[in-house]
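The values are calculated or read from the model by the stated rules, or taken from the named source; none is laboratory data. Here the structure is a predicted model, which means the values were calculated and not measured. We place every Cβ from the backbone using ideal geometry, glycine too, and count neighbours over all the protein chains shown.
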């Protein structure tokens, strides 16, 4: 399977995928990308902005795209620390980073393969809730992805949105 691993970090999710795939990892931080490459020398590692890379390479023949974009601005915990705060505090109120949803919309409408966008459970109702006719599934119950069981419960809908 040809996999694009966006926001790869040091490969937390990648370690469960095995070595039978052609994997391209995108990571912005060169030091973190080096650690990833040390862990997974057979993968192609590109130091680049994952959001822009997806836009420019979405049609490059991927079978599966995994995206795990930064989540602090969507986090329930972040919202607890910002309620009633002003811009003069250490945790100011901020807009959720909507690049997450830009990627979901892009993938939903322009990518024909399998994909997952992983993120935290947000402090607001998701803009793309799971389809009403489908029940949430555990990622480790989806054999067509071919990935081993995960240590934690990760919700995944056939609508492709993944949340921990």
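Of the residues making up region 36-53, those that are part of a helix (DSSP H, G or I) and either under 16 Å from residue 9 (Cβ atoms) or modelled with pLDDT under 95 (or both) are 36, 37, 38, 39, 50, 51, 53.
Which count do you get for residues in region 32-52 that are under 16 Å from the mean Cα position of the chain (by Cα), touching a residue at least 24 places away in the same chain (Cβ under 8 Å) and surrounded by fewer than 19 Cβ atoms within 10 Å (Cβ to Cβ)? Number satisfying all stated conditions: 0.
Looking only at region 16-31, how many residues end up being over 23 Å from residue 58 (Cβ atoms) and surrounded by 14 or more Cβ atoms within 10 Å (Cβ to Cβ)?
Residues of region 16-31 that are over 23 Å from residue 58 (Cβ atoms), as a first pass: 16, 18-20, 30-31.
Then keep just the ones that are surrounded by 14 or more Cβ atoms within 10 Å (Cβ to Cβ); that gives 16.
Residues flagged as over 23 Å from residue 58 (Cβ atoms) and surrounded by 14 or more Cβ atoms within 10 Å (Cβ to Cβ) within region 16-31 amount to 1.
Of all the numbered requirements in (1) assigned to a helix (DSSP H, G or I); (2) surrounded by 15 or more Cβ atoms within 10 Å (Cβ to Cβ); (3) at pLDDT 95 or above, residue 73 misses one, and that requirement is (3).
Could you go through region 7-15 and let me know if any residue there is surrounded by fewer than 19 Cβ atoms within 10 Å (Cβ to Cβ), touching a residue at least 12 places away in the same chain (Cβ under 8 Å) and touching a strand residue (DSSP E or B) at 6+ places or on another chain (Cβ under 6 Å). No: zero hits. For region 76-125, a residue qualifies if it is assigned to a helix (DSSP H, G or I) and either at pLDDT 75 or above or within 18 Å of residue 49 (Cβ to Cβ) (or both), and the qualifying residues are 99, 100, 101, 102, 103, 104, 105, 106, 107, 108, 109, 110.
Look at (1) under 14 Å from the mean Cα position of the chain (by Cα); (2) modelled with pLDDT of 95 or more and you find that residue 58 fails only one, number (1). Of all residues in region 1-27, those being in contact with a helix residue (DSSP H, G or I) (Cβ under 7 Å, 6 or more places away or on another chain) and assigned to a loop (DSSP other than H, G, I, E, B) number 5.
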